[in-house]
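Written out below as structure tokens is the structure these notes cover.
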Amino acid sequence: MTFRSIVLAAALLAFALLPAVCFADEMADAYQSIKPFFDRLNNPSVSAGDSLPIIKCGTPYILQAMALSLQYRQALGFADSVSRWYAKDIPKYFDSPAGHFRIHYADSAGSVHRIDTSYGDHNANGVPDYVEIVARIADSVWAHHIDQLGLHEPLNDGDYYWGQGPLYDIYLTAPIANLYGATWPEPFITNGSRIQATSWMQLFTHYEQLTGYRDRPIEAVQVTMAHEFFHAIQFWYDAREACTDASCSKVNPYWMEMSAVWMEEETYDNVNDYYWYLQSYFPYVHHSLRTFASSPSGDWSTLYCYGAGVFPMYLSQRFGKEIIRKAWEYCGDVSGPNFLESAIQAALNDMTGGQVDLPHAWAEYGRWLYFTGDPELNPNARARPGQFFEEAANYPMVPTEFELAGDKYPYIRIYSSYPIKPDSTGDYRFFPDDFGINYLDFKTTSLDSVLTFGFDAEKSGGNFDWRLSVMAFDQNYSTTPVWVDAELHGDKETFEVKKEDFNSYTDIVVMPTLVNPALRLINNQYHFSVDDTSIVFKGNLIVYFPSKIILSDPQESNRSLRVWVLRAIEKSTLQMKVYTSAGEKIFSAQKGVVKNGEVELRWSGKNEYGEEVSPGVYVVQVWIGDTDKTFKVLVIR
């Protein structure tokens, strides 16, 4: 064999081994990311564990451990997923009154898992009251999730060799520092077209140790039960929803966790545990909704998906709580992650009759995120009573500034002088990831009657689906409605925001976002521009809106053409005539206006006799004094 052939063979071997090396590196990284959790789990009393921050739920760490090789699982002390670690140390059990759960507990004085006996045994039945309280809460959660919301009950583990019978098992163990609980999935099961899993739940003997629950530990039990039991139900619908690839070597359970947060709020609305995690979400909304960090490092990314529980809350409050069940049903149609990929769109179709797509829902969600904060505590708060989130006044706000390494940078970019040139808008530290959101706030004080906005993304093509949502509002009056442009604008587009009563709005906010489930890129950059419309016009200014009339649209603003003159230079008459494309006049109108006054004419797609015109293109001629404008309008049903 020649030297050249030896080198070539070695190169080919290295190339062949490259995927395996990369896979091994990914597995090693995954192992390191979850090791602190298992260190805490295996030795809950260690001081390092006590100093670690809150881990809301242990389920994501367990799912990731299941995806590791045996070598890494053994290093974690997690050799297999069918061993119920605590069974030999927790010998007693109590079956819940409704017959759905078996609560396993220990009450001997020498047990590390000894139940909280301070609640006593008031009915003298030999079962500690704490155990009975947990059992009643479990039955209540079953009634809510399954009987009331119509979700499917978990798989019966008694049908499999590792199971212990038809009741769902809950183990009450010694507390683990700053952990609420965990649902332990068992081996994946192929059941027809679904990949499912049985599971068991781990709750704790004491919850007063959790931050914020010293005087209300039972409320911590309630929200944890609601959260973890929903995971057990999720494993019936789609046990692989968290898998990021075919081998499930890495997991991202963002949808599992945020929908479980929704469920605990839906079940126990008065507890509001999720308030703790909103500070890890609202200041970071430029990051992807799919952001998840399995390493308990204590920074925002660890708890981001729990704060993002406000997304399913938006879905539920906007379209009805049934949409969450439907989304999980559609998740089960595909093995692997498909919540953003297809499930939520299918659920939206069911709930709205196909009238709302994911881009429009996502853009609306961005508006809901903007209007939060309590005006009584913060004069700059944006919550608007009766609009957007039901508990918006209790939420933090998307910040106007963000601090990095001691320096403050704009987060919401605010402008009050125009024009804005494209080359001045690219220096920004918080460009959006996929399914992330930016906010551009344009003050109207120095605008005349129109905002002309141009958008140009640096990265463009079929894989980039930029959507720009526009809204206008008066920040001084929180009870006034928010105007919303029904159209979502896109990349390489210039558009105008025109309002007949422009001065009644203090702010126009444009929200650039990327809505493409196939896109998984961060820091997607763009430039934008705003024309100088603050000049003083020496002639009459004729404006019109929209350029397309939809006769069947329920919104009156989309069913008629509006033409108006702002600040007439002299007393005069505004006149309008509408012609068919063949030149036949079908409608005319006129109205007088005083000097410096405003006047408006409307055409609602009807002829002189009040009859709706046929769909097609019509020519509109408008004039006042020496100023005239001719344009085309499309009429559709």
Original post:
Of the peptides 198-204, 611-617, 129-135, how do they stack up when ordered by the mean number of other Cβ atoms within 10 Å, highest first?
Top reply: 198-204, 129-135, 611-617
Subject >> Sparse-neighbour loop sites [chymotrypsin sites (Phe, Trp or Tyr not before Pro); the stretch 467-525; at most 11 other C-beta within 10 Å; DSSP] >> reply: Tyr477
**OP:** Using the structure shown, list the pairs from Lys56/Lys321; Lys321/Lys606; Lys421/Lys591; Lys498/Lys591 with a Cα-Cα distance above 30 Å, or answer none.
**Re:** Lys321/Lys606; Lys421/Lys591
**OP:** Using a 1.4 angstrom probe, figure out how much accessible area the chain has per residue, in square angstrom, rounded to the nearest whole.
**Re:** 43 Å²
Subject >> Principal-axis tilt of helix 217-237 within the chain, Cα atoms, nearest 10 degrees >> reply: 80 degrees
Subject >> Among Ser69, Tyr31, Phe455 the positive-end extreme of the charge dipole of the chain (Cβ point charges) >> reply: Phe455
Original post:
So what is the relative contact order for the chain, in percent, with contacts set as C-alpha pairs under 8 Å and at least six apart?
Top reply: 8 percent
Subject >> Förster radius 35 Å - calculated FRET efficiency between Glu584 and Ile414 (Cβ-Cβ, nearest 0.05) >> reply: 0.10
Subject >> Note, ³J(HN,Hα) from phi for the stretch 328-343, Karplus 6.51, -1.76, 1.60, rounded to Hz, x at Gly and Pro >> reply: 5, 4, 6, 4, x, 6, 10, 7, x, x, 8, 5, 6, 5, 7, 5
**OP:** Count the net charge of all other residues whose Cβ sits under 12 Å from the Cβ of Tyr171, scoring Lys and Arg as +1 and Asp and Glu as -1.
**Re:** +1
**OP:** Evaluate the relative contact order of the stretch 209-280 (contact order divided by residue number), counting alpha-carbon pairs under 8 angstrom at least 6 apart; express in whole percent.
**Re:** 33 percent
Original post:
Which of the GluC sites (Glu not before Pro) across the stretch 378-477 are loop residues per DSSP, with 14 or fewer other Cβ within 10 Å?
Top reply: Glu390, Glu458
Original post:
Across all directions of projection, what mean area in square nanometres is found for the Cα convex hull of the chain?
Top reply: 39.9 nm²
Original post:
What is the helix-to-structure angle for 358-370, meaning the angle in degrees between its Cα long axis and the longest Cα principal axis of the chain, kept from 0 to 90 and rounded to the nearest 10?
Top reply: 90 degrees
Original post:
So what is the 222 nm mean residue ellipticity for the chain from helices alone, if each DSSP H run of at least 4 adds -39500 (n - 2.57) and you divide by all residues, rounding to the nearest 500 deg cm²/dmol?
Top reply: -8000 deg cm²/dmol
**OP:** Calculate the spin-label point distance for Gln525 paired with Leu634, positioning each point 7 Å from the Cα along the beta-carbon direction, and give it in nanometres.
**Re:** 3.5 nm
Original post:
For helix 129-142, what angle does its Cα long axis make with the longest principal axis of the chain, in degrees from 0 to 90 and rounded to 10?
Top reply: 40 degrees
Original post:
Among Pro185, Ser560, Thr480, whose Cα sits farthest toward the positive end of the charge dipole of the chain (+1 at Cβ of Lys/Arg, -1 at Cβ of Asp/Glu, about the Cα centre)?
Top reply: Ser560
Original post:
Could the peptides 412-418, 600-606 be put in order, highest first, of the mean number of other beta-carbon atoms found within 10 Å of their residues?
Top reply: 600-606, 412-418
**OP:** Kindly flag which residue pairs out of Lys35/Lys88; Lys585/Lys629; Lys548/Lys577 have an alpha-carbon separation exceeding 20 Å in this structure.
**Re:** Lys35/Lys88
Subject >> Label-point separation, Val112 to Val356 (7 Å along Cα→Cβ), nm >> reply: 4.9 nm
**OP:** Working with all protein chains in place, sort Thr291, Thr630 by solvent-accessible area computed with a 1.4 Å probe, largest first.
**Re:** Thr630, Thr291
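The values are calculated or read from the model by the stated rules, or taken from the named source; none is laboratory data. Quantities reported herein were computed from a predicted structural model and do not represent experimental measurements. Every residue, glycine among them, receives a Cβ derived from its backbone with ideal geometry; neighbour counts consider all protein chains shown. Ligands, DNA and RNA are excluded from the accessible area calculation, which covers all protein heavy atoms including side chains. Shrake-Rupley method; radii C 1.70, N 1.55, O 1.52, S 1.80 Å.
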